[in-house]
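Asker: This is the structure I want to talk about, given as structure tokens.
The values are calculated or read from the model by the stated rules, or taken from the named source; none is laboratory data. This structure is a prediction, so every number in the text was calculated from the model and none was measured. Every residue, glycine as well, gets a Cβ built from its backbone with ideal geometry; the counts of neighbours run over all protein chains shown.
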Amino acid sequence: MNRADLEMIRFDNPEWLHLLWMLPVLLLVYILSRYLYKRTIRQFGQADLFSQMADMRSKTRPHLKFILLFAAFSFMALAAINPAVGTRMEEAWMEGTDVVIALDVSRSMHAEDVRPNRLERAKLAVDRLIDRLENDRVGIVVFAGTAHTQVPLTTDHHAAKMVLRTLGTGSVSVQGTAIGRALARASLAFVDEDRANKTIILLSDGESHEDNPLEYAQMAAERGITIHTVGIGSREGAPVPIYDNGTLTDHLRDRDGRVVITRYDEDTMRRIAEITGGVFRHGRGPDLGLDNILDEIRSLEKEAYQTTVFAEYESRFHYMALLAFILLVMESLIMDRKNKFLKKFNLFNPL
């Protein structure tokens, strides 16, 4: 799925998306009702005898009627959400800032001194941050022993959040923590050197074993890039748990078999921010300090940039409503009982 595919559909009434949660509830209610129905029959007698006495009652039609009702409700929910499809694209000028998120996905981010763990807490905070971005462009770089660009700078916040939710320690094959390489990769995301306001938000526990991040921070400062840092973890440190199918089996150990304790390095994170004129925050609370950093970004002057957007959208409400109506009509025409006239024409039993 490419970016155009993600942007061409929007929901005009997203507040009704909760209706879709009713679908599995309806399915469970139906399964429970069929179970209780069969149990009631067994309480009053043998099921085979009941079938002979009620031979005009269809076994398959109730299922078919439920499928039609289920599908009709699905289309009614979609009609309430009102999906609209982009039909024409055009170049447009927008105003905002460029923000690149550099997210540590090394194994040390699995430490649980921050609940549920450092990485998941960081992802939740970044998800909330993206929701608060307006016309700002956002990019995502992930790093461990090396760094990769997961999302180039884009105004498609929905796509960025979708990618964010899939990130884990397996997103980077080389383990370790190379903050310097992450800063270098994030700096390359700013394709327009003429833009004055270029911001990197680094989220990490600060343990850098592969390079000297302060040198890369100095290079970023020379390019006019501001780095805000969020330190995640406790100063006391914590072991890195190893899970197997949700069960804790061990903790990460070094070559000598000793449990590795990963400690949050505040000094490194603070100095990176200071070198570039950024803000340092020790991640606490639901937002990990990102709300305060966003306020700093908001204080910057917005700059204009050109992008491609969908200019016209066509509502699909009437198609969904029509399909729901047709399915409801079909359901109402199907009787629970067999048709007496058709029952006379049994082509499969001998005379």
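Asker: Specify the residue that is nearest to Ala184 (Cα to Cα); the eligible residues are those in segment 258-286 that are small (Gly, Ala, Ser) and either at pLDDT 90 or above or not assigned by TED's automatic domain parsing to the domain that holds His110 (or both).
Answerer: Filtering first and then ranking leaves Ala273.
Asker: I'm trying to understand the selection: among the residues of segment 244-259, which are of a type in the set (A, V, I, L, M) and either closer than 23 Å to Lys198 by Cα or free of Cβ contacts under 8 Å to residues at least 24 places away in the same chain (or both)?
Answerer: Selection gives Leu248, Val259.
Asker: Find the residue count for segment 239-267, including only residues that are among the aliphatic types (A, V, I, L, M) and assigned to a strand (DSSP E or B).
Answerer: Of the residues in that region, 4 qualify.
The rows are residues; the columns are (1) part of a helix (DSSP H, G or I); (2) without any contact (Cβ under 8 Å) to a residue 12 or more places away in the chain; (3) loosely packed, with under 15 Cβ neighbours inside 10 Å.
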{"site": "Glu95", "(1), (2), (3)": "no, no, yes"}
{"site": "Met109", "(1), (2), (3)": "yes, no, no"}
{"site": "Leu124", "(1), (2), (3)": "yes, no, no"}
{"site": "Val138", "(1), (2), (3)": "no, no, no"}
{"site": "His148", "(1), (2), (3)": "no, no, no"}
{"site": "Val174", "(1), (2), (3)": "no, no, yes"}
{"site": "Ala182", "(1), (2), (3)": "yes, no, no"}
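Asker: Hey, among the residues in segment 111-122 that are of a type in the set (D, E, K, R) and not in a loop (DSSP other than H, G, I, E, B), which one's nearest to Asp205 (Cα to Cα)?
Answerer: Per the stated criteria, the residue is Arg118.
Asker: Quick check on Glu207: is it modelled with pLDDT under 90 and either closer than 23 Å to Gly289 by Cβ or exposed (fewer than 14 other Cβ atoms within 10 Å of the Cβ) (or both)?
Answerer: yes
Asker: Then there's this: Sort out which residues of segment 184-216 are assigned to a loop (DSSP other than H, G, I, E, B), of a type outside the set (Val, Ile, Thr) and without any contact (Cβ under 8 Å) to a residue 60 or more places away in the chain, and write them in order of number.
Answerer: Passing the criteria: Glu193, Asp194, His209, Asp211, Asn212.
Asker: Moving to a separate point now. Tell me, which residue of segment 217-243 that is touching a strand residue (DSSP E or B) at 6+ places or on another chain (Cβ under 9 Å) and without any contact (Cβ under 8 Å) to a residue 12 or more places away in the chain is surrounded by the fewest Cβ atoms within 10 Å (Cβ to Cβ)?
Answerer: The residue in question is Tyr243.
Asker: In segment 11-36, which residues are surrounded by 12 or more Cβ atoms within 10 Å (Cβ to Cβ) and farther than 13 Å from Phe66 by Cα?
Answerer: Selection gives Phe11, Asp12, Asn13, Trp16, Leu17, Leu19, Leu20, Met22.
Asker: Is there a residue in segment 155-167 that is free of Cβ contacts under 8 Å to residues at least 24 places away in the same chain, of a type outside the set (Asp, Glu), part of a helix (DSSP H, G or I) and over 29 Å from Gln218 (Cβ atoms)?
Answerer: First, pick out the residues of segment 155-167 that are free of Cβ contacts under 8 Å to residues at least 24 places away in the same chain: 163, 166.
Within this subset, residues satisfying the condition of being of a type outside the set (Asp, Glu) are 163, 166.
Imposing the further condition that a residue be part of a helix (DSSP H, G or I) reduces the set to 163, 166.
If we keep only those that are over 29 Å from Gln218 (Cβ atoms) as well, we get 163, 166.
Yes, the conditions are met somewhere in segment 155-167.
Asker: Looking at Arg137 and the list (1) farther than 15 Å from Leu290 by Cβ; (2) among the basic types (Lys, Arg); (3) in contact with a helix residue (DSSP H, G or I) (Cβ under 8 Å, 6 or more places away or on another chain), which single condition is not satisfied?
Answerer: The failed condition is (3).
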